[in-house]
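The values are calculated or read from the model by the stated rules, or taken from the named source; none is laboratory data. All values derive from a computational prediction rather than experimental measurement. Using ideal geometry, Cβ is built from the backbone for each residue, glycine included, and neighbour counts are taken over all protein chains shown. Keep in mind that these areas ignore ligands, DNA and RNA; they rest on the heavy atoms of the full protein, side chains included. Shrake-Rupley method; radii C 1.70, N 1.55, O 1.52, S 1.80 Å.
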Amino acid sequence: MSEGVQIPSAFTPRVFSGIQPSGGLTLGNYLGAIKRFVDMQAEEFETIYCMVDLHAITTWQDPADLRHNTRELCAGFIASGIDPEQSILFNQSQVPEHAQLGWVFNCVARMGWMKRMTQFKDKAGKNAENASLGLFGYPALMAADILVYHATHVPVGEDQKQHLELTRDIATKFNHDFGVDFFPITEPVIEGAATRVMSLRDGSKKMSKSDPSDASRINMTDTADDIAKKIRKAKTDPEPLPSDLDGLAERPEARNLVNIYAALSDQTAEAAMAEVSGKQFGAFKPMLAELAVEKLSPISTEMARLMDDQAEIDRILARGAERAREITAPILAKTYDIVGMVQS
Ligand code: AQP
């Protein structure tokens, strides 16, 4: 069982999480989310993992790219260790109950709550008037993604914490408004040494698949040479690594590389720091590059192999959607009943 994970007793321990096919998978997605997805699959949870394509279109996606990225993401999940027999693996648009419950939650969530969401502000930037309505409503759909399974636990990176709090607020308000105890109050699972992997070019910015600079991120499909080059060129400072983590407090780029090293070597940041303290970046970066290549190359090789048989990926997604709907259809039907929709 992951550290600190509480199981609310009335609901089946069930994990849901998703990733947007809005680009290729990054090291941030892998360390912040997918590694945890794999750990939780090995524990006593039902695990449900989704390619959230309805979320992806909240910003412009070229249709051919979206199709490719969805299949590649599915390959990335499997290559990283998600077993499509053990877990339910599918893309969101094939399970209509996500969008249907999302509409109900649009009517539960309050404008004031949504306006406080920092990710909307970050993603909409200075041109918020021109952002899609979907981008603004994104967190209500995310609450539906989770609660349409009565999921009890959601492994995510640090950036999703506020959306998880909103999911809890929506569940609480729904239960209160209708006098029921129908939706669980979901626990976020934000664990590991790299819950927020930062850009390799700017330690104040999250590593992101849609960052215009490819040098800012490590893609899960990067070659060994690309990975080594990007780490070699990663922004750092001239000082050697300090003796403890406190010494990294004002050095975000150095802290980021140490966190990545820790997460890739399955250590705490403290243990990794003890191993690398005093090293110059000239010595530390090759160590990190070697470790990253050792851990990521088998995944990218397997992704490429899986992408050779896209019909098989589509079969996995269709089967996953069918299994998902066995859970979502009765939960949506009960929600409609609670709300007072006549279903004849
Ligand atoms: N840099 C990161 N560090 C740790 N975790 C991260 N995650 C994303 N980036 C990092 C986690 O990955 C999961 C899926 O995220 P997502 O793709 O659905 O959305 P996102 O957080 O908006 O990711 P990106 O890469 O920044 O996508 P774009 O560029 O399209 O907006 C989540 O659990 C997230 O926390």
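Structure notes:
- Residues of the range 198-223 satisfying the condition of being assigned to a strand (DSSP E or B) and of a type outside the set (A, V, I, L, M): Lys206, Asn219
- Asp237 being exposed (fewer than 13 other Cβ atoms within 10 Å of the Cβ), on the phi < 0 side of the Ramachandran plot and in a helix (DSSP H, G or I): no
- When we screen Ile299, Ile338, Ile316, Ile331 for residues that are at pLDDT 95 or above, of a type outside the set (Lys, Arg) and in contact with a Ser or Thr (Cβ under 6 Å, 6 or more places away or on another chain), the only hit is Ile299.
- Against the conditions (1) within 18 Å of the chain's Cα centre (by Cα); (2) more than 9 Å from the ligand (Cβ to nearest atom); (3) open to solvent by 20 Å² or more (accessible area, probe 1.4 Å), Phe11 satisfies every one except (1).
- Annotation note: of Pro298, Pro252, the sole residue that is under 25 Å from the mean Cα position of the chain (by Cα), closer than 26 Å to Asp83 by Cβ and surrounded by fewer than 19 Cβ atoms within 10 Å (Cβ to Cβ) is Pro298.
- Residues of the range 255-276 that turn out to be closer than 20 Å to Ile231 by Cα, in a helix (DSSP H, G or I) and in contact (Cβ under 8 Å) with a residue 24 or more places away in the chain, as a count: 13
- Flag set for Ile78, criterion: assigned to a helix (DSSP H, G or I), away from the ligand (no atom under 15 Å from the Cβ), of a type in the set (A, V, I, L, M) and within 16 Å of the chain's Cα centre (by Cα).
- Among strands (runs of 3 or more DSSP E) entirely within the range 84-197, having at least 2 residues that are of a type outside the set (Phe, Trp, Tyr) and either open to solvent by less than 10 Å² (accessible area, probe 1.4 Å) or more than 21 Å from Leu332 (Cβ to Cβ) (or both) singles out 153-155, 187-189.
- So Lys115, is it without any contact (Cβ under 8 Å) to a residue 12 or more places away in the chain and closer than 30 Å to Glu253 by Cα: no
- Residues of the range 289-313 that turn out to be more than 29 Å from Arg71 (Cβ to Cβ) and in contact with a Leu (Cβ under 6 Å, 6 or more places away or on another chain), as a count: 0
- When Ala292, Ala329 are screened for being open to solvent by less than 50 Å² (accessible area, probe 1.4 Å), in contact (Cβ under 8 Å) with a residue 24 or more places away in the chain and outside the structural domain of Leu25 (by TED's automatic domain parsing), only Ala292 passes.
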